[in-house]
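Asks: This structure is in structure tokens; I'll ask about it shortly.
The values are calculated or read from the model by the stated rules, or taken from the named source; none is laboratory data. This structure is a prediction, so every number in the text was calculated from the model and none was measured. Note: ideal-geometry Cβ built from the backbone for every residue, glycine included; neighbour counts use all protein chains shown. Only protein heavy atoms, including side chains, enter the accessible area calculation; ligands, DNA and RNA are left aside. Shrake-Rupley method; radii C 1.70, N 1.55, O 1.52, S 1.80 Å.
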Amino acid sequence: MGFDLNQQALEGHDDRLRGALAGAGLPVDDLTDAGRSFYRFSRGGETVGFGGLELYGETVLLRSIVVLSDQQGFGFGHAITLSLLDQAQRKGATAAYLLTETAASFFQSLGFRPIARDEAPAEILTTRQAASLCPASAALMVRSLPA
């Protein structure tokens, strides 16, 4: 992408995170539940977006990836997603999952593929994201992470 983003850990109750997710129509009801890690991504001190993950052993659920509207179109979504995947891999994950209603083609460009819900492991299907927060119409996608 030609640029480096700074990554700062956030608490789920961070107002900027909540505002960005709500503004993008993404779930905010479980942000303060245990087991979630959220990050603010910035460049030159300016926030460009947010992202998060939930690690379940060798699987990770990517979530809450949003690029602020005035920062879209510069490749920040790719950079945020790849940063989160790298972090998950360093923590031992071998597969990454996500749910999306509107960004399936974006995630396919990053190596994710759609799968049927019954193909996902139970730890992903029982997350609040999969079980109740995302509608059944949301695409479930997976990507293997290099060992």
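Each row is one residue, and each column tells you yes or no for (1) assigned to a helix (DSSP H, G or I); (2) aromatic (Phe, Trp, Tyr); (3) more than 14 Å from the chain's Cα centre (by Cα).
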position: GLY52; (1), (2), (3): no, no, no
position: LEU61; (1), (2), (3): no, no, no
position: ILE65; (1), (2), (3): no, no, no
position: ASP86; (1), (2), (3): yes, no, no
position: GLY92; (1), (2), (3): no, no, yes
position: ALA96; (1), (2), (3): no, no, no
position: LEU99; (1), (2), (3): no, no, no
position: PHE107; (1), (2), (3): yes, yes, no
position: GLN129; (1), (2), (3): yes, no, no
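Asks: When you look at ALA116, is it exposed (fewer than 14 other Cβ atoms within 10 Å of the Cβ), in contact (Cβ under 8 Å) with a residue 24 or more places away in the chain and of a type in the set (Gly, Ala, Ser), yes or no?
Replies: When the stated conditions are applied, ALA116 passes them.
Asks: Out of region 133-147, which residues are within 17 Å of the chain's Cα centre (by Cα) and either modelled with pLDDT under 90 or open to solvent by 30 Å² or more (accessible area, probe 1.4 Å) (or both)?
Replies: Matches in region 133-147: LEU133, CYS134, PRO135, ALA138, ALA139, ARG143, SER144.
Asks: Another question, then. Mind checking which pairs have a first residue in region 81-96 that is under 23 Å from VAL48 (Cα atoms) and touching a residue at least 60 places away in the same chain (Cβ under 8 Å) and a second that is surrounded by 14 or more Cβ atoms within 10 Å (Cβ to Cβ) and of a type in the set (D, E, K, R), Cβ under 9 Å, 6 or more apart or different chains?
Replies: Listed by first residue and then by second, the contacts come to LEU85/ARG143.
Asks: Let me ask something else. Consider only pairs whose beta carbons are under 9 Å apart and that are at least six residues apart or on different chains; among these, list those whose first residue lies in region 22-35 and is more than 13 Å from SER69 (Cβ to Cβ) and whose second residue is open to solvent by 60 Å² or more (accessible area, probe 1.4 Å) and among the basic types (Lys, Arg).
Replies: From region 22-35, the pairs are PRO27/ARG128; VAL28/ARG18; ASP29/ARG128; ASP30/ARG128; LEU31/ARG18; ASP33/ARG128.
Asks: Also: For region 12-19, state whether one or more residues are out of contact with any strand residue (DSSP E or B) (no Cβ under 6 Å at 6 or more places or on another chain), in contact (Cβ under 8 Å) with a residue 12 or more places away in the chain and surrounded by fewer than 14 Cβ atoms within 10 Å (Cβ to Cβ).
Replies: yes
Asks: Sticking with this one: I'm told GLY44 meets every condition in (1) open to solvent by 60 Å² or more (accessible area, probe 1.4 Å); (2) without any contact (Cβ under 8 Å) to a residue 40 or more places away in the chain; (3) closer than 28 Å to ALA122 by Cβ except one. Can you identify the failing condition by its number?
Replies: Result: GLY44 passes all but (3).
Asks: Separate question: Given LEU82, LEU55, LEU62, LEU68, which one is crowded, with 20+ Cβ neighbours inside 10 Å and at negative phi?
Replies: LEU62
Asks: Please specify each residue of region 87-98 satisfying the condition of being open to solvent by 30 Å² or more (accessible area, probe 1.4 Å) and within 14 Å of LEU62 (Cα to Cα).
Replies: Residues satisfying the conditions are GLN89, LYS91, THR94.
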